[in-house]
Amino acid sequence: MTSHIQWLEDFLQAESVLTLATSDACGPWSAPVLYAADFGNDKPDLYFLSSPSSRHIRNLNDYTGSSASIYSGYQGDWKAIRGVQMYGLISKVTSNISQVESVYFKKFPEIAKIINHPASQQDRDIGRAFEKSAYYCFSLTYARSTDNSGNFASRHEWEF
């Protein structure tokens, strides 16, 4: 793996929030989702849980393509801006669900705890919402990084 693709893998593993961009007849829409990255097929797949009735999932009825971005939290230093802009296809996970759950809950054990061992009524309510959700996969076809830590606006691109 080249150092640049390793940068992408390390970045995707380190971050947690993917902002999806979709559109429908009412216009564009964005939605943040928690994701877990898997490089098992020599390309990044980003798994997330979402309600089938959410707007960003309903928008996939006409077209499964989506753009997305992930950026590290800004801490007042423009030289620390790092992120990835992506394009890919979103699909509902219908096979190997236990493998996807393993990847997802390894990254987010606190969510597994809420679902499996709720400690409060709020946890039980959240757990019920997750039971109605499904796993989806954002399969990258293109990604472009931004990393100001080395050179201003340093970029790398990948096609998968």
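Any idea how far apart K43 and T146 come out in nm if each label point goes 7 Å out from Cα toward Cβ?
Distance between label points: 2.5 nm.
Specify which residue in the list F105, P28, M86 is farthest towards the positive end of the charge dipole of the chain, using unit charges on the beta carbon of Lys, Arg (+1) and Asp, Glu (-1), about the Cα centre.
It is P28, whose Cα lies furthest towards the positive end.
For a test of the definition: using alpha carbon positions, the gyration tensor, and the 1.5 limit on a/c, classify the stretch 7-84 as rounded, prolate or oblate.
Since a/c reaches 1.5 but b/c is at least a/b, the shape of the stretch 7-84 is classed as oblate.
Taking the Cα-to-Cβ direction at L34 and at S16 and moving 7 Å from each Cα, how far apart do the two end points lie in nm?
0.7
Once the Cβ-Cβ distance between N96 and S133 is put in as r, and R0 is 22 Å, what FRET efficiency do you end up with, to the nearest 0.05?
The pair N96/S133 has a calculated efficiency of 0.80.
Let me know the charge dipole size of the stretch 58-129 about its Cα centre in debye, to the nearest 20, where only the beta-carbon of Lys, Arg (+1) and Asp, Glu (-1) is charged.
Using Cβ point charges on Lys, Arg, Asp and Glu, the stretch 58-129 gives about 80 debye.
Give the total of Lys-Lys pairs in the stretch 1-108 with Cα-Cα distances below 24 Å; include a pair only if its members are 8 or more places apart or on different chains.
Qualifying lysine pairs in the stretch 1-108: 5.
Please work out the C-alpha center-to-center distance from the stretch 102-160 to the stretch 40-82 and express it in whole Å.
For the stretch 102-160 versus the stretch 40-82, the Cα centre distance is 9 Å.
Each residue of the stretch 135-140 in order: what ³J(HN,Hα) in whole Hz does its phi give by Karplus 6.51 cos²θ - 1.76 cosθ + 1.60, θ = phi - 60°, with x for Gly and Pro?
Per residue, the Karplus-derived 3J(HN,Hα) values read 8, 10, 10, 9, 9, 5 Hz.
I want to make sure I understand the PRE zone here: with the label point 7 angstrom from the Cα of D123 toward its beta carbon, which residues in the stretch 95-115 have backbone N atoms less than 15 Å away?
So the set is 109-115.
If you stretched the chain out fully between E159 and S54, how much longer would it get, using 0.36 nm times the residue separation minus the C-alpha to C-alpha distance?
Result for the pair: 34.9 nm of gain on full extension.
Modelling each spin label as a point 7 Å along the Cα-to-Cβ direction, I'd like the K106/A25 distance in nm, to one decimal.
Placing both labels 7 Å beyond Cα along the Cβ direction yields 4.3 nm.
Return the inverse of the average 1/r over all pairs of distinct C-alpha atoms in the stretch 19-149, which is the Kirkwood hydrodynamic radius, in Å to one decimal.
Evaluated over the stretch 19-149, this radius sits at 16.1 Å.
Given only helices, namely DSSP H runs of n ≥ 4 each adding -39500 (n - 2.57), what is the per-residue ellipticity at 222 nm of the chain, to the nearest 500 deg cm²/dmol?
Mean residue ellipticity, 222 nm, calculated: -8000 deg cm²/dmol.
Every number here is computed from the coordinates shown, using simple stated rules; none is lab data. Quick caveat: nothing in here was measured; it's all calculated off a predicted structure. Note that each Cβ is placed from the backbone with ideal geometry, even for glycine, and that neighbours are counted across all protein chains shown.
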